[in-house]
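Undergrad: Pasting a structure here, questions to come.
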Amino acid sequence: MSGWRAFFGLDWEDIWTQLCTELGGEWIARGFWSGTNMVQVRHEDWLLTLDTYTVSTGKSSVTFTRLRAPFVNRDQFQFRIGREGFFTRVGKWFGLVDFEIGDPAFDEAFHLAGNDEHRVRALCGNARIRELLHLLPAVQFDVRPRQWGGPAFPDGVNELRFDVVGIIRDLPTLRRLFELFKETLDEVARLETQPADETMRHVRVLLSPGGDVEHSKVVLWDGDPPRRRAAERLGMLRDPRAVPYLCQALQDSDIALRVAVVGALGAIGERSAAPYLIAELGVEATADGQPYDRWVAAALDQLGHREQATAFQAALAAGIQDTRAFFGPLRPAFIAAFRSALERHSPHQVGHAACALADLGAVEERRAIQDALRRWRGKDSELRSTLSAVLEDLEDRSRLPRPAAAPVPEASALPLPGSNPHEELRH
């Protein structure tokens, strides 16, 4: 490191790089126009991101060091801790109530506010958290709801955040800051109201917000890995109470989560899940290098529905050979599966799916056939002829008198196995 660089205080990135190496984190190098470089460390289910930001005051500007960690705040617990001074007063803006914990040294040094006195006291009852706060400089340390102009986190996700004026260049201070965050996140999780048993605890995680949130092209929050692990764990527990929640999760956009859910449903073995799995057979996707429908077929095999899975795959590959498997109570699920298959990339599979819908007399799927025709406009003439013929056939059938029947529901609207599945989460 050059003397000039140290003299002008430009060595903070070297210190942060060393911190990143020690903590096993990721150094996120940003371009000159993209913003400051960052250190990101994963702790359990949380991403901790250290960076700097600058606030302009008109004639001058102020740079802050910031550490933040979004988390699922199921109980909407909020608090604000800061040394006595300007920043400690803004807690009142959020309707927080001031507290003292009965530790004279802590109460004299810090201003404390929150929306749950019991949890605030329990949080600050952690001796290591108090010790770390004493060792850090003037701080604003709090749980924040969604911020105006900041990342748009899903509902129920808040941000644990630390701000201090200036750039922290002291390595021991940075280490303590990360330890404070880890200790606080662990303590908040311990204080969270939990369902009574292990199955419902994993169900709660499964139903947490999914997806990820990027800010300035950096992922700050990723809600999918914990949900995948929860689905896998539910499969290991083999508790039938988890089935309706797992079936609900099959509508998620995260294909890796859906693979975990499919595996869990197969492991539990409840035959009531079969319609939901059959509806997934038509989805074209890849997970772990394997077609998604292979995972689904394997789960159906575990549920005793190998014949139905095989019949569907044969219908897509070579056209319907035997329609008997597609009728009866499972007919709505097969219609949903063939509807999904209309969105595949193979013109042969799309054509075979359309013909299957015609053979099933699925007049309610005319709109789906029309959408497929639009997608293939100007492309495969043979397929378009097939789709037009199927559409004409279904239009003719729709004009014939027939007994009134309820429309075939979407897979997402199928009645979930069991009754009142959300009741147990309340206890």
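Undergrad: So for the stretch 142-150 (the condition being surrounded by 18 or more Cβ atoms within 10 Å (Cβ to Cβ) and outside any strand (DSSP E or B)), does at least one residue qualify?
TA: no
Undergrad: Just one of Ala299, Ala285 is within 22 Å of the chain's Cα centre (by Cα) and more than 16 Å from Leu360 (Cα to Cα); which is it?
TA: Testing whether each residue is within 22 Å of the chain's Cα centre (by Cα) and more than 16 Å from Leu360 (Cα to Cα) leaves just Ala285.
Undergrad: For residues that are modelled with pLDDT of 75 or more, polar (S, T, N, Q) and either over 34 Å from the mean Cα position of the chain (by Cα) or part of a loop (DSSP other than H, G, I, E, B) (or both), tally how many sit in the stretch 1-48.
TA: Number satisfying all stated conditions: 2.
Undergrad: Restricting to the stretch 324-349, give me the number of residues that are aliphatic (A, V, I, L, M), farther than 17 Å from Glu307 by Cα and more than 31 Å from the chain's Cα centre (by Cα).
TA: 0
Undergrad: Related question: List every residue pair whose Cβ atoms sit under 9 Å apart, with the two residues 6 or more apart in sequence or on different chains, where the first one lies in the stretch 194-216 and is free of Cβ contacts under 8 Å to residues at least 40 places away in the same chain and the second, anywhere, is acidic (Asp, Glu) and part of a loop (DSSP other than H, G, I, E, B).
TA: Qualifying pairs under 9 Å: Asp197/Asp239; Glu198/Asp239; Val205/Asp45.
Undergrad: Got a number for residues in the stretch 71-101 being at pLDDT 90 or above and under 21 Å from Val165 (Cα atoms)?
TA: 3
Undergrad: Tell me which of these Leu220 doesn't satisfy, since it passes every other one: (1) surrounded by 20 or more Cβ atoms within 10 Å (Cβ to Cβ); (2) among the aliphatic types (A, V, I, L, M); (3) at pLDDT 95 or above.
TA: Condition not satisfied by Leu220: (3).
Undergrad: Let me ask you something else. State yes or no: is Ala389 over 33 Å from the mean Cα position of the chain (by Cα) and either crowded, with 19+ Cβ neighbours inside 10 Å or of a type in the set (Lys, Arg) (or both)?
TA: When the stated conditions are applied, Ala389 does not pass them.
Undergrad: Follow-up question, since we're still on this one. When you check Ala196 against the structure, is it over 24 Å from Ser340 (Cα atoms) and assigned to a loop (DSSP other than H, G, I, E, B), yes or no?
TA: Numbers: over 24 Å from Ser340 (Cα atoms): yes; assigned to a loop (DSSP other than H, G, I, E, B): yes.
It is true that Ala196 is over 24 Å from Ser340 (Cα atoms) and assigned to a loop (DSSP other than H, G, I, E, B).
Undergrad: Take the residues of the stretch 196-214 that are closer than 25 Å to Asp51 by Cα and buried (at least 17 other Cβ atoms within 10 Å of the Cβ): which is farthest from the chain's Cα centre (by Cα)?
TA: Val213
Undergrad: Give me the residue from the stretch 158-177 that is part of a helix (DSSP H, G or I) and in contact (Cβ under 8 Å) with a residue 60 or more places away in the chain and, out of that set, farthest from the chain's Cα centre (by Cα).
TA: So the residue we want is Leu171.
Undergrad: Still on this model: Restricting attention to the stretch 325-346, which residues are polar (S, T, N, Q) and either assigned to a helix (DSSP H, G or I) or touching a residue at least 12 places away in the same chain (Cβ under 8 Å) (or both)?
TA: Ser340 - this is the single residue of the stretch 325-346 that is polar (S, T, N, Q) and either assigned to a helix (DSSP H, G or I) or touching a residue at least 12 places away in the same chain (Cβ under 8 Å) (or both).
Undergrad: In addition: Let me confirm something: among Leu185, Leu180, which residue is aliphatic (A, V, I, L, M), out of contact with any Pro (no Cβ under 7 Å at 6 or more places or on another chain) and free of Cβ contacts under 8 Å to residues at least 60 places away in the same chain?
TA: None of the other options fit; the residue is Leu180.
Undergrad: May I pose another question? May I ask you to list the residues in the stretch 276-292 that are within 19 Å of Gly235 (Cβ to Cβ), of a type outside the set (Ser, Thr, Tyr) and surrounded by fewer than 24 Cβ atoms within 10 Å (Cβ to Cβ)?
TA: Those that are within 19 Å of Gly235 (Cβ to Cβ), of a type outside the set (Ser, Thr, Tyr) and surrounded by fewer than 24 Cβ atoms within 10 Å (Cβ to Cβ): Ala287, Asp288, Gln290.
Undergrad: Would you check which residues across the stretch 248-275 are crowded, with 20+ Cβ neighbours inside 10 Å and in contact with a strand residue (DSSP E or B) (Cβ under 7 Å, 6 or more places away or on another chain) and list them?
TA: Across the stretch 248-275, the qualifying residue is only Val259.
Undergrad: Going by the conditions given, is Ala299 part of a helix (DSSP H, G or I), touching a residue at least 12 places away in the same chain (Cβ under 8 Å), among the small types (Gly, Ala, Ser) and in contact with an Asp or Glu (Cβ under 6 Å, 6 or more places away or on another chain)? Quick ask: steps written out before the conclusion?
TA: Details: part of a helix (DSSP H, G or I): yes; touching a residue at least 12 places away in the same chain (Cβ under 8 Å): yes; among the small types (Gly, Ala, Ser): yes; in contact with an Asp or Glu (Cβ under 6 Å, 6 or more places away or on another chain): no.
Against the criterion (part of a helix (DSSP H, G or I), touching a residue at least 12 places away in the same chain (Cβ under 8 Å), among the small types (Gly, Ala, Ser) and in contact with an Asp or Glu (Cβ under 6 Å, 6 or more places away or on another chain)), Ala299 does not qualify.
Undergrad: Out of the residues in the stretch 342-367 that are small (Gly, Ala, Ser) and surrounded by fewer than 19 Cβ atoms within 10 Å (Cβ to Cβ), which is modelled with the highest pLDDT?
TA: Per the stated criteria, the residue is Ser346.
Undergrad: Please verify whether Leu373 is of a type in the set (A, V, I, L, M) and either without any contact (Cβ under 8 Å) to a residue 40 or more places away in the chain or in contact with a Phe, Trp or Tyr (Cβ under 6 Å, 6 or more places away or on another chain) (or both), treating the condition exactly as stated.
TA: Yes.
Let's see how each residue does on (1) within 29 Å of Asp222 (Cα to Cα); (2) of a type in the set (S, T, N, Q); (3) modelled with pLDDT under 90; (4) more than 34 Å from the chain's Cα centre (by Cα):
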{"site": "Asn115", "(1), (2), (3), (4)": "yes, yes, no, no"}
{"site": "His118", "(1), (2), (3), (4)": "no, no, no, no"}
{"site": "Leu136", "(1), (2), (3), (4)": "yes, no, yes, no"}
{"site": "Arg144", "(1), (2), (3), (4)": "yes, no, yes, no"}
{"site": "Gly149", "(1), (2), (3), (4)": "yes, no, yes, no"}
{"site": "Gly156", "(1), (2), (3), (4)": "yes, no, no, no"}
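Undergrad: Return the residues of the stretch 183-195 that are out of contact with any helix residue (DSSP H, G or I) (no Cβ under 8 Å at 6 or more places or on another chain) and surrounded by 17 or more Cβ atoms within 10 Å (Cβ to Cβ); say none if nothing qualifies.
TA: The answer is Leu185, and nothing else.
Undergrad: Another question about this same structure. Just wondering, is there one or more residues in the stretch 212-229 that are under 30 Å from Ser60 (Cα atoms), charged (D, E, K, R) and part of a strand (DSSP E or B)?
TA: Checked the stretch 212-229: at least one residue is under 30 Å from Ser60 (Cα atoms), charged (D, E, K, R) and part of a strand (DSSP E or B).
The values are calculated or read from the model by the stated rules, or taken from the named source; none is laboratory data. Computed from a predicted structure; not experimentally measured. Neighbour counts run over all protein chains shown; Cβ positions are idealised from the backbone, glycine included.
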